[in-house]
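The values are calculated or read from the model by the stated rules, or taken from the named source; none is laboratory data. Values in this document were obtained by computation on a predicted structure and should not be read as measured data. For neighbour counting, all protein chains shown are included, and Cβ atoms are generated from backbone atoms with ideal geometry for every residue, glycine included.
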Amino acid sequence: MKRLLTGALMSALLLTGGCGFAGMSDLPLPGGPDVGSHPITVTADFSDVLSLARDATVKYDGVTVGKVAKVGRHGWQARVTLELRGDLDLPANTTARIAQTSLLGEKYVELAKPAHATGHLGNGDRIALASTSRGREVEEVLGALSLLLNGGGVAQLQTITHELGTAFGDQGSTKAFLRELDQFVTTLDRNRSTIIATLENVNRLSGQIARDRTTIAAAVATITPAVHSLAQQRTQLVTMLNRLSEFGTVTSSLLRRSTDDLVADLKALEPVLQQLQKAGDAVPRVLETVLSFPFPDEVLKAVKGDYVNLDVLVDLSPLTLLGNATGDDEKLQNLPGALTPPRSGTTTTTSPVQGAVGAVLDLIASLTGTGR
């Protein structure tokens, strides 16, 4: 019974150990790279790790500074875990490359310092895919050499080129097209700054429109009734435009027919304009007097607040009044002699005109109170 229990336990141990055994690579190898008592762990992403194995060496400037602890997959990339000496001083932008010791030698990871080193590569840091690469395999080199020596696909390339020439037909047209295409691309490259500035302006305009979206929506909603009104009056607008076109046609025809008359009128107007030019400042002065009638500008100087200073001489004599009424003051100056009474003892006859004048004078004298 005891032997049976011991055998069962040994079988369980063997099965459990076998589930986690990945081959001989899981076994530690003696004489591996020395990483010291306080190593740091760094990961690096590669697009292809070739045949890199675990426990492969890691070198820096040709000196072994660590080993490969694990090779795994992260998405569509290979992720390699490196154990490095803790006293190693590497920049944060260190590059990693999978190299080979010789033509048929083993793979190892080579670390290199870039030209412009920055930061410090510490424990837990990761070297990105953009900073990793791999060397060429022997198979790739031999394959490229075989392709070069045996012609490879050069014959097929010549056939493809010939068929393309046949498809394009005239090779001269193809060359001209390629030259024009090159000129077009060159022009685009020369105007690259202008194109970029235009795109930036369009971007700013789009941003402004996006910020003013509410205002634009309100404006569109407000203008909608006006658009409907214009749509309803479309027939009237079209008719108006047609009439305007007809009016323009008639006006053009009228101007063509009356060109000679218009030129003659302008020539006839030339003497008038010349006389106005000669008049000079007289016309503005006359217009100033007309516009200020009946009070010339000098009257305004006599106005002082609510009163006016005036010096008026009024002549109310009958002869002056009659002369002003008849408009002939000069002839009335001789009326006193003509109206002198005759001497006694003489006989005179009074004409009807003299009698009428005498009556008028008597009337004026009675109105003014001066007597005759």
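For Ser253, are the conditions met, namely being more than 41 Å from the chain's Cα centre (by Cα), at pLDDT 75 or above, of a type outside the set (Phe, Trp, Tyr) and surrounded by 10 or more Cβ atoms within 10 Å (Cβ to Cβ)? Considered against the rule, which asks whether it is more than 41 Å from the chain's Cα centre (by Cα), at pLDDT 75 or above, of a type outside the set (Phe, Trp, Tyr) and surrounded by 10 or more Cβ atoms within 10 Å (Cβ to Cβ), Ser253 comes out as yes.
Against the conditions (1) within 38 Å of the chain's Cα centre (by Cα); (2) among the acidic types (Asp, Glu); (3) closer than 30 Å to Ala144 by Cβ, Glu163 satisfies every one except (1).
In segment 56-82, the residues that are touching a residue at least 24 places away in the same chain (Cβ under 8 Å) and on the phi > 0 side of the Ramachandran plot form no Cβ pair under 8 Å with any partner that is in a loop (DSSP other than H, G, I, E, B) and surrounded by fewer than 17 Cβ atoms within 10 Å (Cβ to Cβ), whether six or more places apart or across chains.
With a requirement of 3 or more residues that are of a type in the set (Lys, Arg), the helices (runs of 4 or more DSSP H) lying completely within segment 231-307 that satisfy it span 234-257. The set of residues in segment 64-93 being assigned to a loop (DSSP other than H, G, I, E, B) and more than 57 Å from the chain's Cα centre (by Cα) consists of Arg85, Gly86, Asp87.
Tallying residues that are more than 19 Å from Pro114 (Cβ to Cβ) and in a strand (DSSP E or B) within segment 43-63 yields 1. The residues listed here are Thr101, Thr95; of these, the one that is in contact with a helix residue (DSSP H, G or I) (Cβ under 6 Å, 6 or more places away or on another chain), surrounded by fewer than 19 Cβ atoms within 10 Å (Cβ to Cβ) and either more than 14 Å from Thr43 (Cα to Cα) or free of Cβ contacts under 8 Å to residues at least 40 places away in the same chain (or both) is Thr95.
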